[in-house]
Ligand code: PEP
């Protein structure tokens, strides 16, 4: 009975990792899974900076069909190996209803990307998968449409939904999308679901990730989804927005300062 659910739900991600409540959750990792070596280096970085879960895409929905599309099933296997080695839960995107069960075998959290945010067949399928769902906001969706997308997952029987603001399409080209931090405050007012922010995909430039991440913490987000990479210059996907080790540690420290001052 969702009407009776307490305000401010806490969603378990696997192990002791949670999103919502008093803790601020960092989920970090590369945009795409590229190799076992890259993921091992990434999870070491993620853990050292305080992340509670590792992100990484095995299936990459890219604007161009000629861009790197991800390692697919091999990427899933690498994710689950790195999970076993590190003990960190893993978050990865599922792009169609047919592969939900396969992805759920390898990942702790099923991510729905912005391009599938209103794929209602997929939303119903992840609602039945028995895994928490990280639901990106569609870049053309209003807050109401985003919350109704979440309802598809909840109505299918899955109460464990984390909302993720990742930027909407606007007329402004200086950032990749326009990160709508006002939506975080709006959703915190309207919904019991935890809300995190992905400044990496929102702004698209690593030098802008830190200020937006700190602003997200200040506006009341429950956590962040961040692109980090051991060697951003060699990244096969979205390297320009990935934080290297130094920037990631710098951000993690600055976040602690902001969060303790709130
Ligand atoms: C991602 O997080 O890997 C991703 C592709 O994000 P989005 O769906 O927000 O573009």
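Were the residues from residue 156 through residue 48 laid out at 0.36 nm apart, the gain over their Cα-Cα distance would be 35.2 nm. In this simple spin-label model, placing a label point 7 Å from the Cα along the Cα-to-Cβ direction at both residue 258 and residue 172 gives a separation of 1.5 nm.
Sorted ascending by nearby beta carbons within 10 Å, beginning with the fewest, 106, 189, 207, 201 become 189, 207, 106, 201. As a proxy for reagent exposure, 92, 121 were ordered by neighbouring Cβ count within 10 angstrom, fewest first; the result is 121, 92. Take every DSSP beta bridge whose two residues both sit in segment 1-142, then give the antiparallel share in percent to the nearest 5. Given both bridge residues lie in segment 1-142, the antiparallel proportion sits at roughly 25 percent. Mean-square fluctuation check for the chain, GNM, Cα pairs under 10 Å: which of 30, 199, 159 is largest? Sorting by GNM fluctuation, first place goes to 159. The mean sequence separation of alpha-carbon pairs under 8 Å and at least six residues apart, normalised by the residue count of the chain, gives a relative contact order of 19 percent. Beta-bridge orientation, the chain: approximately 15 percent antiparallel, per DSSP, counting only bridges with both partners inside. Relative contact order of segment 171-262: 27 percent, from C-alpha pairs under 8 Å at least 6 residues apart in sequence. Normalised by 2.2 N^0.38 Å, where N is the number of residues, the alpha-carbon radius of gyration of the chain equals 0.91.
Coordinate-derived values only; no laboratory data. Quick caveat, the model's predicted, so the values are computed rather than measured. Cβ atoms come from the backbone with ideal geometry, glycine included; neighbour counts cover every protein chain shown.
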